[in-house]
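> I have a structure here, written as structure tokens, and I will follow up with some questions on it.
The values are calculated or read from the model by the stated rules, or taken from the named source; none is laboratory data. It should be emphasised that the depicted structure is a prediction, and the values quoted were computed from it without experimental measurement. Neighbour counts run over all protein chains shown; Cβ positions are idealised from the backbone, glycine included. All accessible areas refer to the heavy atoms of the entire protein, side chains included, with ligands and DNA or RNA removed. Shrake-Rupley method; radii C 1.70, N 1.55, O 1.52, S 1.80 Å.
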Amino acid sequence: MAILVAGGAGYIGSHVCKLLHKRGFSVVVYDSLIHGYRSFAKWGEFVQGDIGDAECLSLVFTRFKIDVVMHFCAFIEVGESVAEPEKYYKNNVQNTITLLEQMRKHGVNKFIFSSTAAVYGMPERMPIAEEDRKAPINPYGKSKLMVEQILEDYAQAYDFRSIRFRYFNAAGADPDAEIGEAHVPETHLIPLILDAALGRRESIKVFGTDYDTKDGTCVRDYIHVNDLADAHIRGAEYLLDGGQTSYFNLGSGSDFTVREMLETVRRVTGRDFKVVEIERRPGDPPYLIASSDKAQKILDWKPGFSLEDIVRTAWVWQKCLADKTLT
Ligand code: UDP
């Protein structure tokens, strides 16, 4: 079976490619390299292209017989999406439609889409279940929800089946440290703390200490990137076995505060670093915790990595990163 991985040179996409390859799938990576790294596309064929480029996509679908498309290409910075919404709607929505059009033109009808907990906005209850209210509060979350709705309409109108995975806080790295998280600019908590532990950053800022949570800082559900990768493979198998269009939360159900994360990093790395407590970051909900019961029940998926594993694998990766320039 051949899988086209759009965005396969990025953080989550590359981990999925590695696992797909290990499990015997043929992999074709399609990536513009705007945010991805050529060195992350180590498994299968590589084609450099943009998902908005219909001609290039058409050539790929002609050259390779693709069974399932996984789509990881997206702009993901919430703040940027507020400042430049057009960029988000164009890349995350319009270009996704181009990809879907090319799939249909070439008779490919199985699709796995990277969605996000941001579709829930400010959730009303925890843990969040898939049917809970969707009310994204920024263009990034809205762009993802729009594609989710488009995929429902495709399922009604065409012979087209898809899965949407709503990721909670993706974190950690390949235990072999071949690939890992390397966003530019980096905005995510764990790599930023590790940077501070390595002395590459003067301090780590804590955004808000007056939330109504156990220690005043935000609570998040961190899920290892290889657990996400495993869910994608189960998702592909589900669609290949005839499974209908569906959607799943992917989280570990754990609830760690920012302060607990700082403590875990201190313990795992054996290093201390400067912490600066500042005001809240606009748009951060106090809690984001997934119920992943549906994925467990239907895909028989269960996260296997603990928070310690997440921090340990990310730490080894960050130390490797310090010695090299990614290309
Ligand atoms: N956070 C923080 N300092 C930082 C980056 C993040 O205190 O420099 C907090 C942020 O407010 C949130 C949590 O860490 O509560 C996780 O943030 P991240 O940006 O990693 O993921 P998000 O939850 O926004 O998807």
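> State which residue is nearest to residue 3 (Cα to Cα) when the search covers only the stretch 39-83 and only residues that are among the charged types (D, E, K, R) and outside any loop (DSSP other than H, G, I, E, B).
Ranking the qualifying residues of the stretch 39-83, first place goes to 45.
> Please enumerate the residues belonging to the stretch 172-192 that are buried (at least 19 other Cβ atoms within 10 Å of the Cβ), within 14 Å of the ligand (Cβ to nearest atom) and not in a helix (DSSP H, G or I).
Within the stretch 172-192, 172, 181 meet the criteria.
> I would also like to ask the following. Considering only residues that are under 20 Å from residue 61 (Cα atoms), hydrophobic (A, V, I, L, M, F, W, C) and either within 16 Å of the ligand (Cβ to nearest atom) or open to solvent by less than 50 Å² (accessible area, probe 1.4 Å) (or both), which ones fall in the stretch 77-101?
99, 100 - these are the residues of the stretch 77-101 that are under 20 Å from residue 61 (Cα atoms), hydrophobic (A, V, I, L, M, F, W, C) and either within 16 Å of the ligand (Cβ to nearest atom) or open to solvent by less than 50 Å² (accessible area, probe 1.4 Å) (or both).
> Follow-up question, since we're still on this one. Scan the stretch 195-230 residue by residue and report those that are among the aliphatic types (A, V, I, L, M) and in contact with a Ser or Thr (Cβ under 7 Å, 6 or more places away or on another chain).
Residues satisfying the conditions are 196, 197, 206, 219, 223.
> Whether any residue in the stretch 193-204 is within 19 Å of residue 256 (Cβ to Cβ), near the ligand (Cβ under 9 Å from one of its atoms), within 20 Å of the chain's Cα centre (by Cα) and open to solvent by 20 Å² or more (accessible area, probe 1.4 Å) is what I want to check.
No, because not a single residue in the stretch 193-204 is within 19 Å of residue 256 (Cβ to Cβ), near the ligand (Cβ under 9 Å from one of its atoms), within 20 Å of the chain's Cα centre (by Cα) and open to solvent by 20 Å² or more (accessible area, probe 1.4 Å).
> Right, another one. For the stretch 133-158, which residues satisfy the criterion of being within 18 Å of residue 102 (Cβ to Cβ) and under 19 Å from the mean Cα position of the chain (by Cα)?
147, 151
> Would it be correct to say that residue 35 is assigned to a helix (DSSP H, G or I) and touching a residue at least 24 places away in the same chain (Cβ under 8 Å)?
So residue 35 fails the test.
> Another one. Out of all the residues in the stretch 205-237, which are over 16 Å from the mean Cα position of the chain (by Cα), near the ligand (Cβ under 10 Å from one of its atoms) and not basic (Lys, Arg)?
206, 207, 208, 209, 211, 213, 217, 218, 219
> Could you grab me the full set of residues in the stretch 143-168 that are open to solvent by 40 Å² or more (accessible area, probe 1.4 Å), over 17 Å from residue 71 (Cβ atoms) and in contact (Cβ under 8 Å) with a residue 40 or more places away in the chain?
Listed by number, the list holds a single entry, 159.
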